[in-house]
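Structure, as C-alpha cells:
The values are calculated or read from the model by the stated rules, or taken from the named source; none is laboratory data. All values reported here derive from a predicted model rather than from experimental measurement. Ideal geometry is used to build each Cβ from the backbone, glycine not excepted, and the neighbour counts take in all protein chains shown. When the accessible area is computed, the model is the full protein with side chains, heavy atoms only, and any ligands, DNA or RNA have been set aside. Shrake-Rupley method; radii C 1.70, N 1.55, O 1.52, S 1.80 Å.
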Amino acid sequence: MEGRVLTVNVGRARKVAYTSAPSGETGIGKAPVEGPVRVADPGPKGEGGGGLAGDAVCDRRHHGGSDQAVYAFAREELDRWERELGRTLPNGRFGENLTTRGVDVDGALLGERWRIGPSLVLEVTNARVPCRTFAGRLDEAGWVRRFTEHGAPGAYLRVVVPGEVRAGDRVEVVRRPDHDVTVALAFRAMTTRRELLPLVLAAGEAAHPELRALARQYAAGLDRVPAPARGAGPGASPLREAGH
C-alpha cells in the first residue's frame, strides 16, 4: 500500500483543566483542515512553536521546537484503539498533525526521511511520550499506562526541506539510515525498558538531542532511575508532547 497523509490537523489554544501549562491552555485538540498548510522549522525548543502554520503550541517549555516540529500518527493505530475503547476516534484526536495510512510510523528509523507531496521533507527524531495533557484529552482510565504498554506512540519529525502539505499527499521514504533504532525502540527505552537507552546512540545526531543526552547519561552509569511509574503524568520523561 502506498503511504498517504489522510488529514492535516491543527489545533487552537483553549483553556482546559488538565494541562500544567502556566496559561492553562493547550493546543492538543486538533482537527483536519482543508487546503495546503505551510510546514517550516519553527526554531529552537523554548522559542519556536509547531512546524505547521496555524497550529497552537501553548507550553513552549516542553512542547514544539525544531526537533518536535511535526507529530505523525497512523490511522491504523487509531482504528485499533477505536475497537479497544469502543468509541469513535476522529483524525487528530491523539493530537497528531499528520494522520497517515500505509506508513510504518512506529517502525520508522530515527533519521529516516519522508518526502511528502512535491517538496516537503521531514526527518524522524523520536517517539511521543504520553503525559497528563494527553490523558486528560482522552479521559480514559489508566490511559498513560495502556498507551505505554501498547508501544505504538507515533513519531516526531523535524523539517529538513520546508513546503506545503495537504490531505492525500503521498508519503515516500527517501532515506533510511543504516541502524536499527526505530520509533518503537526509542519509546521502550524511554519508558518501560531503560536498559535499551544505550542502543539509541547508534542513531547519532538524527536522534532528538534530549534523547541522546538521556542515553549518554545512562550509558555512563549516571542514570539508573527506574522507568516512569505506571500512570505517571508530567515529569515522567524528559521529552514531552509536541503541539500542546
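Tally time: how many residues in region 13-64 are within 18 Å of THR99 (Cβ to Cβ), part of a loop (DSSP other than H, G, I, E, B) and not aliphatic (A, V, I, L, M)?
9
For region 149-190, what are the residues that are without any contact (Cβ under 8 Å) to a residue 24 or more places away in the chain and surrounded by 20 or more Cβ atoms within 10 Å (Cβ to Cβ)?
LEU185 - this is the single residue of region 149-190 that is without any contact (Cβ under 8 Å) to a residue 24 or more places away in the chain and surrounded by 20 or more Cβ atoms within 10 Å (Cβ to Cβ).
Just one of LEU78, LEU89 is out of contact with any helix residue (DSSP H, G or I) (no Cβ under 8 Å at 6 or more places or on another chain), farther than 20 Å from THR191 by Cβ and free of Cβ contacts under 8 Å to residues at least 40 places away in the same chain; which is it?
LEU78
Going residue by residue through region 92-102, is there one that turns out to be in contact with a Pro (Cβ under 7 Å, 6 or more places away or on another chain) and either of a type in the set (Lys, Arg) or surrounded by 22 or more Cβ atoms within 10 Å (Cβ to Cβ) (or both)?
yes
For the subset of region 14-32 comprising residues that are over 17 Å from GLN68 (Cβ atoms) and open to solvent by less than 50 Å² (accessible area, probe 1.4 Å), which member is nearest to the chain's Cα centre (by Cα)?
The residue in question is GLY29.
Evaluate the following for GLU140: is it over 19 Å from PRO36 (Cα atoms), more than 16 Å from the chain's Cα centre (by Cα), in a loop (DSSP other than H, G, I, E, B) and touching a residue at least 24 places away in the same chain (Cβ under 8 Å)?
yes
So for region 57-66 (the condition being farther than 24 Å from ARG4 by Cβ, in contact with a strand residue (DSSP E or B) (Cβ under 9 Å, 6 or more places away or on another chain) and surrounded by fewer than 15 Cβ atoms within 10 Å (Cβ to Cβ)), does at least one residue qualify?
Yes.
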